[in-house]
Structures are given as C-alpha cells and as structure tokens.
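See below for the structure under consideration.
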Amino acid sequence: MARIIKVSKLNYRYPDGTIGLKDVSFEVEEGETMVIIGANGTGKSTLFMNLMGILDGDGYIEVVGLMLNKTNLKDIRRGMGMVFQNPDDQLFCPTVMDDVSFGPLNLGLNADQVTEASQKALALVDLQGYESRTSHHLSFGEKKRAAIATVLSMNPGILLLDEPTSGLDPRSVSKFINILYTLKSQGKTLLIVTHDLFLTQEIADRVLVFSEEKKPVAVGDYKEILNNYDLLLKNNLVHQHRHRHDEVVHDHEHRHGYIHEH
Amino acid sequence: MKSTNSLLEKLDPRTKIISFLSIILCMILTPITRIRDFGLYFLLIVAIGFCSKITPWQILKKVCILIPFIFFIAMFVPFIKEGNVCLSLEIGNWKFDITYEGVWTFLNIIVKSTLSIFLLVTATSTTTFPDFLKGLDMLRVPRLLVMIMSFMYRYIFVLIDEARRLMRARSLRYFGSRYKEQFRVIGYMIGVLFIRTYERAERIYSAMIIRGFSGEALSVKRFRFSSMDILFLVGIIVSLVCIVSGLVHKIEHIRVSGAHLWQGL
C-alpha cells in the first residue's frame, strides 16, 4: 500500500503560548483506518486542524504526495474531508440538502451531479427523505450522520473524523460503526480521533497513542496497543475505580467503553 | 410550515416577495384619508388569503399576537401629536388633549400595520424560510445580507439553547441572596455567551472553508417562473393600479363626517 499521509516533526503552539502539538511524526497508508487515541486535551483535534490547513503549525505535512502549503490547500481539501466533533458546527445551512450539497457545489459540479452526489451521501448514512428538513430539528445522532454526509458528498479519499461517537446512544453508535465499515470497504482512508476504546477495537487497523505531553508515544497494530495495559494506563486511557460484582466491591483497572477484563 | 398544497404555496418565492412588497408599498404610500382604498386592500388580502387555503382562524391567531405591540406603540400618538384639539380629557389635575392629527396618525399606523401583518402572516404560512432566502438571493438582494439571515435562522435556536443552559446553571446555584451581585453575574453570562458565539463562528467558518467556500453561497435548488406566477403577478399589479389610480371608485376624497376632520393633514 502507498503512503497517503506523512507528518514529520509537527509542532504547534496556540496564540496564548500553550503547546498544542509537540514533535508529531507518523505516516498513514492508503485505505488504512488509523485511530488516534489519547486523553482529553492531548492535541488530537489540533492535529486534524493542522492536517486540514486551518491551523498553521511548524513541520512537514504531506497529503497524497503534496506538501501542505497555501498554494495547494484547495487541492488537498478536495481529497480530504473532515467531520467536526460538534455537528452544529458542520451543519450551517438552513436545510440538510443545502448542507450536503454545499461541498459539491463549491467543487464546481453541475446541478445534476450535485443532486446525485448528495442523494448518494444521504443514502449511505441512512438519511433519505431528510433533504428539506432543517438541521436544528434533527436529533443529535441524525445531526452526526448528516455531518458525515456533508463530507461524503464530496467523495474524498481521506476522511478525518473527530470524536464521531461521542454523545451517541448505543443504537446510534452501532449505526455509525456500520457506516464506517461501509466506508472502509469502499477503500477510503480513515483517520479517527477518539478515546473510545470500544470503537478503536471495532474499526482500527493501526492505533496512534497521544500522551498528555501532546505528542505521540506509540503507534502499532490495534491488538498490540489495546493489550498494552501499562501504555494505556500511563496515558490516561485506562483508569482504576471501584466496581461492584454482585456483592463484591473492589478496585481494579478498567478500560473506557472496552471489554471488562479481570 | 404545514403544507396546504395551495396555489400560493406552489408559487415561486420571488413572485410572492415582489407582489407582497408591492402591496405593502402601495398601502404605505396611500393617504389614510382614502379609507375606501384600504377597504379594497383588505379585500385583496382576503383574496390572497383565500388562495393560501389557510383558515381565517389560523391567520387571526398569529395576527393577534403582533397587534398588541403595534397598538402599544401607537396608543400614545393621539395625545402627543400637536394640532387641532378634538377632545379633552381631565383626570384629576391631569389634562389630556386628543388632536385630529393625532387620531389620523394613530389610524395610519394601526390600519397599515394590521394589513401588512395579515399579508406577512399569509406569506410566512405559505413559504418556508429557506425558500424565502433563495428567493431573495435570486432577486439579487446583497448575498452577504442573505447569508447573515440564513445564519441567523440556523443558529438563533442554538444560541437560545446555549443561553438557557447558562441561565439554568446560574439558577441552580442561586438562592436569592446578594441581589446586587447578580447583575455582575448576568454580565459575565453575556460575556461568556459572546465568547462562545465567537468561537463557534470560527469553527463554522473552518467547516465552510474546508468544504471549498470562497465567498459565494451556492444552492442546488432552482426556481422557475410558471404561467401561474405570471398570472398571479399580473393580477396583483392590475389590482394595485386600479386601487391607486382610483379607477374603482373615482372618488378623490371621502367625506367621513365633516370637513373639519381634514384639517391639518
């Protein structure tokens, strides 16, 4: 498989001086699903903002063979879509159809192509018939799926998903995982930011672990990473709290949303 | 908006915007002394309402919500406007003079705004807001203005929710003491709401540029003028010309109750 994303020695500092990213380097293969895990505030979303060229960090970013800079930003954004954590940020048009067709229209497609691409994207996320619905009348799960459709309608090869399952009920999560499987089977490259280890176990090919020092500390096969208890514990992805098993209450390590093991 | 599948609903939003604005403009420019003209405007609005298939009760319900506001604004005018006194009221040591000019101005405000509200309610009941915005855009209303209206429509509920959450968080921790301190807290809340709104605007803009936004608001939905639109528009224009030119009743001035009523107009 060919390399599709390369990040090398990427550093980012927020205007107030806070460190956002520290010496980030990794590579992603085409068609791969890489899940980036880390505790809150470890710079995962900041990394996505840098990959999309919204934030301008120091370092080298290469996407589909193009070095990210201001001149080829548009070309890169044609091939790489990002879904924000909060769907209300992604859905800014009065109706769902307006939102889903926003990207293809800006790509310069004609009306028929735009309609076709939008319908296809809505079908993929199981939102047919929602075209004329206003976004603020959708449930949170529907909003999340509509947000994905807004990017899928542009048919990007690479998808960046920021906390896609946060705030979703179990049925919505399983619907979401099905969508991700479909995208995976279509050969899309997926980069997913989450701290949901259940989702990671379900969908990841490889896992990149971010530490609380805002830098990656491990990358590898999902089984290898998820079975490394020390690594997960050290990076605030596993914690200890009291558990009740029938009448017995005791402390032991526990993975967020992951299989409960003793 | 509940679909009624009426003639008015099927019309191009541009037709509705142009015709309704024309009616409002003509009403505004018609002197209030031409009472019969306003009767004709009312009949025209009733005819439009009939085309919308909305029940009079539904329209009246919405109109009645807005009328008190206008009445409240206009009710002081007869007492404030200077001119020929038609009635003096004495309450204790207070003396109030009602002038002819004030009464006419009061009628001017009430009649014109009530008819405009009737029209507006009919328009909003038969046109969705997104279609209305598209109509404005296609009529070459400045795009920036249309986009601001679109964002307002999309995010006003999000902001109201945000403000409600802040209010709820405050009220759960406020037990009625330190009354003056609360003004400061409300100030903080307004500040927080402003910062959150600003940050949200930044994220929305990021979401827009990621999807190729370059300053132009494009839409896949297209409207076309049909023969029905042209007929409706011609009908409205002909009706307005007849009313404004006085063709219908050929009476330049109407005698209401006496010549002195016209003084000062």
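Computed from the coordinates by the stated procedures, all read-outs in this text should not be read as laboratory data. Here the structure is a predicted model, which is why all the values come from computation and not from measurement. FYI the Cβ positions are ideal-geometry reconstructions off the backbone, even for glycines, and counts take in every protein chain you see.
Lysines near residue B:95 by alpha-carbon distance under 30 Å, same-chain residues fewer than 8 away left out - which ones?
B:81, B:112
So which lysines can residue A:9 reach, going by Cα to Cα under 24 Å and dropping same-chain residues fewer than 8 places off?
Straight-line reach from residue A:9, under 24 Å: A:22, A:44, A:70, A:74, A:214, A:215, A:234.
Cut-off under 16 Å on the C-alpha distance; same-chain residues fewer than 8 positions from residue A:184 excluded. Which lysines are left, in chain and number order?
Candidates past the 8-residue exclusion: A:175.
So if we plug the beta-carbon distance of residue B:148 and residue A:246 into 1/(1 + (r/R0)^6) with R0 = 41 Å, what FRET efficiency do we get, rounded to 0.05?
Result of the calculation: an efficiency of 0.10.
Expressed as an acute angle from 0 to 90° and rounded to the nearest 10, what is the orientation of the C-alpha long axis of helix A:96-106 relative to the principal long axis of chain A?
Relative to chain A, helix A:96-106 is tipped by roughly 70 degrees.
Check each of the chymotrypsin sites (Phe, Trp or Tyr not before Pro) in the range B:104-183 and keep only those in coil by DSSP with at most 15 other C-beta atoms within 10 angstrom; list them in order.
Listed in order of number, the matching sites are B:174, B:175, B:179.
To the nearest 20 Debye, how big is the dipole of the range B:137-210 about its Cα centre, given +1 on the beta carbon of each Lys and Arg and -1 on that of each Asp and Glu?
The calculated dipole for the range B:137-210 is roughly 300 debye.
From the square roots a ≥ b ≥ c of the eigenvalues of the alpha-carbon gyration tensor of the protein assembly as shown, which class results: rounded (a/c under 1.5), prolate (a/b over b/c), or oblate?
prolate
Between residue B:201 and residue B:67, how many nm apart are label points set 7 Å from Cα along the C-beta direction?
Computed distance between label sites residue B:201 and residue B:67 equals 3.9 nm.
Fully extended, how many nm does the chain gain between residue B:168 and residue B:194 (0.36 nm per residue separation, minus their Cα-Cα distance)?
Computed gain between residue B:168 and residue B:194 is 7.6 nm.
Net charge near residue A:214: determine it from the other residues with C-beta under 13 Å of the C-beta of residue A:214, scoring Lys and Arg +1 and Asp and Glu -1.
+1
With +1 on the Cβ of every Lys and Arg and -1 on the Cβ of every Asp and Glu, and nothing else charged, how large is the dipole of chain A about its Cα centre, in debye rounded to the nearest 20?
The dipole magnitude comes to about 400 debye.
Could you work out the relative contact order of chain A, using alpha carbon pairs under 8 angstrom and six or more residues apart, expressed as a whole percent?
Dividing the mean separation by the residue count of chain A yields 23 percent.
Select from the range B:119-153 those trypsin sites (Lys or Arg not before Pro) which occupy a DSSP coil region and have at most 14 other Cβ atoms within 10 Å, ordered by residue number.
Answer in residue order: B:140.
Given a Förster distance of 60 Å, report the FRET efficiency between residue B:216 and residue B:179 from their Cβ-Cβ distance, rounded to the nearest 0.05.
E between residue B:216 and residue B:179, to the nearest 0.05, is 0.70.
So how far apart, in nm, are the two label points at residue B:91 and residue B:156 if each is 7 Å from Cα heading toward Cβ?
With each label placed 7 Å out from Cα toward Cβ, I get 3.5 nm.
May I ask you to evaluate 6.51 cos²θ - 1.76 cosθ + 1.60, the Karplus curve with θ = phi - 60°, for each residue of the range B:107-112 and list the ³J(HN,Hα) values in order in whole Hz, giving x for glycine and proline?
4, 4, 5, 5, 5, 5
Given the -39500 (n - 2.57) contribution per DSSP H run of 4+ residues, what per-residue ellipticity at 222 nm results for chain B, rounded to the nearest 500 deg cm²/dmol?
-22500 deg cm²/dmol
Between residue A:126 and residue A:221, with labels modelled 7 Å along Cα→Cβ, what's the label distance in nm to one decimal, could you check?
Between residue A:126 and residue A:221, the simple spin-label model gives 3.2 nm.
Using amide H atoms built 1.01 Å from N in the peptide plane, name the residues 5+ places from residue A:238, or on other chains, whose amide H lies under 5 Å from its own.
The list, which skips near neighbours in sequence, is A:233.
Past 26 Å, Cα to Cα, is the threshold; run A:144/B:221; B:61/B:221; B:62/B:221 against it and keep the listed order.
B:61/B:221; B:62/B:221
Relative contact order for chain B using alpha-carbon pairs under 8 Å, separation at least 6, rounded to a whole percent?
Averaging sequence separation for qualifying contacts and normalising by length gives 31 percent for chain B.
First measure r as the distance between the Cβ atoms of residue B:76 and residue B:43, then evaluate 1/(1 + (r/R0)^6) with R0 = 51 Å and state the FRET efficiency to the nearest 0.05.
My answer for the efficiency is 0.95.
For the range B:144-217 and the range A:81-100, what is the centre-to-centre distance using only Cα atoms, to the nearest Å?
About 18 Å separates the Cα centre of the range B:144-217 from the one of the range A:81-100.
With springs only between Cα atoms under 10 Å apart, run a GNM on chain B and tell me which of B:227, B:239, B:19 wobbles the most.
Evaluated over chain B, the most mobile residue of the options is B:227.
In the neighborhood of residue A:144, defined by Cβ-to-Cβ distances under 15 Å, what is the net charge if each Lys or Arg adds +1 and each Asp or Glu adds -1?
Once all neighbours under 15 Å are counted, the net charge is -4.
Excluding residue A:73 itself, what net charge comes from residues whose Cβ is under 15 Å from its Cβ, given Lys and Arg +1 and Asp and Glu -1?
Net charge around residue A:73: +2.
Explain nothing, just compute: Karplus ³J(HN,Hα) = 6.51 cos²θ - 1.76 cosθ + 1.60, θ = phi - 60°, for every residue of the range B:215-229 in order, whole Hz, x for Gly and Pro.
x, 10, 8, 9, 9, 8, 7, 10, 10, 10, 5, 10, 4, 5, 4
Spelling out what I want: for every residue of the range A:141-151, take phi, set θ = phi - 60°, compute 6.51 cos²θ - 1.76 cosθ + 1.60 (Karplus), and round to whole Hz; glycine and proline get x.
Working through the residues one at a time gives x, 5, 4, 4, 5, 4, 4, 5, 4, 4, 8 Hz.
Please name which of B:191, B:172, B:160 has its Cα lying farthest along the dipole of the range B:137-210 towards the positive end, using unit charges on Cβ (Lys, Arg +1; Asp, Glu -1) and the Cα centre as origin.
Value computed over the given set: B:172.
State to the nearest 20 debye the size of the charge dipole of the range B:42-134 about its Cα centre, where the only charges are +1 on K and R beta carbons and -1 on D and E beta carbons.
440 debye
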